1. Based on DSSP loop calls and a cut-off of at most 12 other Cβ atoms within 10 Å, the longest stretch of the chain free of exposed trypsin sites (Lys or Arg not before Pro) is what?
2. Can you give the FRET efficiency to the nearest 0.05 for residue 160 and residue 46, using r as the Cβ-Cβ distance and R₀ = 35 Å?
3. For segment 81-86, just list the computed ³J(HN,Hα) in residue order, Karplus coefficients 6.51, -1.76 and 1.60, θ = phi - 60°, integers in Hz, with x standing in for Gly and Pro.
4. Tell me whether segment 47-95 comes out rounded, prolate or oblate; compute the Cα gyration tensor, take square roots of the eigenvalues as a ≥ b ≥ c, and use a/c under 1.5 as the rounded threshold.
5. Rounded to whole Å and sorted largest first, what semi-axes of the equivalent ellipsoid does the C-alpha gyration tensor of segment 87-151 yield via the square root of 5 times each eigenvalue?
6. Using a Förster distance of 30 angstrom, determine the FRET efficiency expected from the C-beta separation of residue 35 and residue 145, and round it to 0.05.
7. Between residue 191 and residues 5 or more places away or on another chain, which pairs have amide H atoms under 5 Å apart, with H built 1.01 Å from N, and which residues are they?
8. Nearest 10 degrees is fine. How inclined is helix 57-72 to the longest principal axis of the chain, computing both from alpha carbons?
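Quick note: the coordinates plus some simple rules give every number you see, no bench work behind them. Model, not experiment: these values are computed from the prediction. Here the Cβ positions follow ideal geometry from the backbone for every residue, glycine too, while neighbour counts run over all protein chains shown.
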Amino acid sequence: MLGVESSASEPFENKPVENKVVKRGIGRRLIWIAVTTILLLFGFYLSLLLTSDDLGLQQRETVSNAIALLAEKGFDKQVFVLNHLAKFRATDNWWNGYVGHHDAYAATNFPFEVLTLYPEFFTVAVDDNERAAILLHESYHLLGSGEEAALEGVWREKRRLGWTEDRYNQSKVWNNTRQLTMTQVPNLFQCGTDGKSDCVP
């Protein structure tokens with residue numbers, strides 16, 4: 001008779017199948033998240049560079065002169081950031097174009113350290129002192145400070161920089177900066193007998 005022989009010594013057993021799930025450790029997950037984040041940030045940074053233009057040779061020389069003036073005046077931290085961390089651009093990247101900006105001499109994309117210098121930086125600023133003042137302002141942004149801190153920092157350091165009212169009161173950069181500083185940091189203009197004079201002459 002044809003059939004299937006079963007051995008008494010090997011009975012059929014219904015054993016549950018064990019599913020072994022390999023769980024990732026918390027360390028691996030953190031590494032994966034960190035690597036993914038770094039790659040995304042690097043991609044974003046590259047997109048800022050690829051959608052904007054580099055400075056020309058003459059523009060780079062002008063920037064170098066202004067940074068050299070900051071170095072001469074002892075702004076070591078700011079000079080380090082400008083020389084080694086900042087990536088200078090001559091035109092807006094896609095992000096600046098998307099968010100827009102008011103009339104400005106420069107714009108900084110923190111924390112990517114992309115610093116856009118607009119034509120007015122080269123044409124409206126009257127000399128290297130004024131361009132150094134603009135770069136000093138932007139260096140505060142490169143270090144993560146907001147607009148108020150940048151305005152106050154530059155205004156408090158203007159004499160050290162050699163950027164003073166007696167020399168630059170006819171300058172558009174001077175008057176724009178003074179007006180902005182008065183608006184955003186009014187406590188710097190509450191001195192004198194009239195209570196409306198510059199506290200940092």
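1. So the longest stretch without any such site is 25-195.
2. Values: r = 37 Å, r/R0 = 1.06.
E between residue 160 and residue 46, to the nearest 0.05, is 0.40.
3. 3J(HN,Hα) across segment 81-86, in whole Hz: 4, 5, 7, 10, 10, 6.
4. Note, shape of segment 47-95 comes out oblate.
5. Whole-Å semi-axes of the equivalent ellipsoid: 18, 15, 10.
6. Details: r = 30 Å, r/R0 = 0.99.
My answer for the efficiency is 0.50.
7. Sorted by chain and number, the residues that satisfy this are 196, 197, 199.
8. 80 degrees
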